[in-house]
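I have placed the structure first, in the form of structure tokens, so that the comments after it can refer back to it.
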Amino acid sequence: MIASLSAEQQDLLEKSERQTQVVQALNACLPAHALLWHNEDTTPYECDGLSAYRQRPLVVALPETEAQVQAVLRVCHVLGVPVVARGAGTGLSGGAMPHRLGVTLSLAKFNKIIRIDARSRSAQVQCGVRNLAISEAAAPHGLYYAPDPSSQIACTIGGNVAENAGGVHCLKYGLTLHNILKVRGFTMEGDAVEFGGEALDTAGLDLLSIVIGSEGMLAVTTEVTVKLVPKPQLARCIMASFDDIRKAGDAVAGVIAAGIIPAGLEMMDKPMTAAVEDYVHAGYDLSASAILLCESDGTPEEVEEEIGRMSAVLRQHGASAIAVSKDEAERLKFWSGRKNAFPASGRISPDYMCMDSTIPRKRLADILIAISEMEKKYGLRCCNVFHAGDGNLHPLILFDANDPDQLHRCELFGADILETSVAMGGTVTGEHGVGIEKLNSMCVQFSAEENEQMFGVKRAFDTKGLLNPGKVIPTPQRCAEYGKMLVRGGRLKFAELERF
Ligand SMILES: Cc1cc2nc3c(=O)[nH]c(=O)nc-3n(C[C@H](O)[C@H](O)[C@H](O)COP(=O)(O)OP(=O)(O)OC[C@H]3O[C@@H](n4cnc5c(N)ncnc54)[C@H](O)[C@@H]3O)c2cc1C
């Protein structure tokens with residue numbers, strides 16, 4: 001400690017000394033090109049898709065082999081250095097946001113498809129393989145990997161496993177959790193671990209289910225074995241228009257209540273369809289208050305029968321227009337709008353924040369009405385796109401991150417949506433994870449005891465608490481402070497990491 005230095009200077013000095021120590025130690029186990037620490041090199045890693053919050057890491061490590069991953073983890077464990085695993089950085093909840101005194105462990109170089117096994121309908125891939133690349137590799141066998149996040153062109157299977165990612169077709173085919181056989185990786189101490197196996201079930205506790213969705217807090221994944229499913233012979237999509245969002249919400253519940261499990265069941269409100277139509281010209285009905293996309297896949301006979309049943313339910317619930325895709329090109333056109341909802345929002349606003357909560361399907365209209373009231377309360381616009389069949393909301397709050405007041409109002413708006421979802425019987429996260437974004441709202445969803453049990457699971461894997469610390473599970477102090485703020489009618493800024 002040098003007495004004449006300000007606190008800020010002292011902090012910078014300590015950070016620089018720590019950086020030198022970590023770089024020296026990691027130099028012994030990684031080639032020089034696999035280590036980045038100069039500001040201009042680490043800047044691209046300072047945020048994920050939650051780009052309003054940024055933090056430069058101390059060091060970025062880019063290992064190429066499992067032995068190097070193991071060595072990095074062992075060094076960091078001994079030195080007590082936090083490690084944040086990173087796939088493609090498309091996460092929307094700040095899960096891959098660096099730790100200021102930590103190593104960002106990029107798995108980008110783990111991009112090999114090891115084996116496609118058509119007989120067992122599985123693929124063994126390295127963790128940095130892109131989601132879509134698995135389906136592309138499996139296509140010659142008539143197979144594909146079903147979970148299809150809209151970011152599938154970029155996001156990695158390691159990131160999908162960490163977030164338990166979903167997508168428009170997960171209603172029928174399940175989330176990541178339902179499509180993974182085995183995960184292989186390393187604990188923070190550098191011990192090799194495997195969860196699950198080649199068979200459908202494994203002996204002992206189902207630790208695979210604990211690791212999937214654990215947001216990089218329990219282990220670093222290096223390899224994943226996924227299930228593949230046969231490509232359906234045919235898929236067709238209905239685009240249904242509604243002049244009232246309540247009718248559209250009720251129609252979603254009606255389709256499921258009729259015993260139909262569509263391959264996809266998505267909803268967009270009027271502001272969203274307007275933004276999308278302007279961008280990709282998907283042929284959406286701009287006069288509708290809401291539109292639904294309902295997909296059926298299977299044999300031609302199954303599809304024809306299901307499209308008929310779904311159309312009937314949609315009409316019963318007041319659909320004002322129904323269009324059914326005539327061919328594959330038109331089906332893809334319908335979906336191109338939905339898949340481009342996020343970039344379309346980026347075109348009409350300097351920034352957007354995508355919230356992600358779930359509610360019981362029957363409350364879809366209620367939450368939309370509540371969100372439109374919040375638009376007035378917080379003075380910000382919001383476009384809504386939903387995995388409606390799953391009751392998974394994606395309100396996109398439009399704001400300007402350069403205006404601190406707008407950013408703060410956006411945070412309050414987002415937290416209000418999450419907590420209103422809980423009040424309606426839902427959850428604060430659907431598929432994007434908690435990261436840093438939903439830490440405060442986790443205090444509303446879970447009791448102090450429940451959060452402590454989650455910390456207990458973390459400690460069982462990561463005794464020193466070094467793997468992605470400060471994310472996902474709120475500390476008791478944070479929840480106490482947040483509780484006081486809520487009583488006073490306010491909310492704590494969600495990105496206040498340092499204080500708690
Ligand atoms: C335009 C857009 C659309 C999206 N649409 C969807 C959608 O439809 N459905 C959906 O679920 N999500 C969606 N997302 C969110 C995001 O793409 C997913 O959460 C995805 O799973 C993140 O993968 P990634 O490789 O980018 O991971 P990152 O963002 O790099 O990391 C995400 C988390 O996983 C951890 N992690 C990453 N790799 C590993 C590893 N190898 N071992 C251990 N931990 C690891 C990180 O520490 C972090 O906590 C979307 C994002 C964008 C930008």
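Values in this text are rule-based calculations from the coordinates and carry no lab data. Just so you know, these numbers come straight off a predicted model, no measurement behind them. Every residue, glycine as well, gets a Cβ built from its backbone with ideal geometry; the counts of neighbours run over all protein chains shown.
Extension gain, I348 to D117, is 78.7 nm, computed as 0.36 nm per intervening residue step minus the present C-alpha separation.
Please state the shape class of the chain: rounded when a/c is under 1.5, otherwise prolate if a/b exceeds b/c and oblate if not, all from the C-alpha gyration tensor. The shape class here is oblate.
Residues of segment 229-245 with the amide nitrogen closer than 19 Å to a label point 7 Å from the Cα of E305, along Cα-to-Cβ, please. Zone members listed by number: 232-238. Ranking V72, Q445, L132 by Cα position along the charge dipole of the chain, where only Lys, Arg, Asp and Glu carry charges on their C-beta atoms, puts V72 farthest toward the positive end. Give me the angle, in degrees from 0 to 90, between the Cα long axis of helix 300-316 and the longest principal axis of the Cα atoms of the chain, rounded to the nearest 10. The answer is roughly 80 degrees.
Here the Karplus curve 6.51 cos²θ - 1.76 cosθ + 1.60, taken at θ = phi - 60°, turns the phi angles of segment 172-180 into couplings of 8, 9, x, 7, 3, 3, 7, 10, 10 Hz, with x standing for Gly and Pro. Using a simple spin-label model with pseudo-atoms 7 Å out from Cα toward Cβ, L12 and M485 lie 2.9 nm apart. With Cα atoms as the point set, segment 113-230 shows a radius of gyration and Dmax of 13.1, 41 Å.
Could you grab the relative contact order for the chain? Cα pairs under 8 Å, six or more apart, rounded to a whole percent.
Reported relative contact order: 13 percent.
Past 23 Å, Cα to Cα, is the threshold; run K270/K333; K15/K438; K15/K471; K182/K464; K377/K471 against it and keep the listed order. Flagged as over cut-off: K15/K438; K182/K464; K377/K471. What base-10 log of the normalised intensity I(q)/I(0) is obtained for segment 7-106 from the Debye formula, alpha carbons as equal point scatterers, at q = 0.13, 0.16, 0.17, 0.19 Å⁻¹? Here log10 of I(q) over I(0) equals -0.42, -0.64, -0.72, -0.89. Taking each DSSP H run with n ≥ 4 as -39500 (n - 2.57) and averaging over every residue of the chain yields -11500 deg cm²/dmol at 222 nm.
In this rough spin-label picture, where each label sits 7 Å from Cα along the Cβ direction, the A32-E64 distance is 1.5 nm.
Label-to-label distance, D191 versus S447, with points set 7 angstrom from Cα along the beta-carbon direction: 3.2 nm.
Length gained on full extension, L234 to Q24: 69.9 nm, using 0.36 nm per residue less the C-alpha separation.
Against the main long axis of the alpha-carbon atoms of the chain, helix 270-280 sits at an angle near 80°. Across segment 37-136, C-alpha contacts under 8 Å between residues 6 or more apart give a mean separation that, scaled by the residue count, equals a relative contact order of 28 percent.
The protection proxy used here, the mean number of other Cβ atoms lying within 10 Å of each residue, ranks peptides 156-166, 384-394, 12-22 as follows, highest first: 156-166, 384-394, 12-22.
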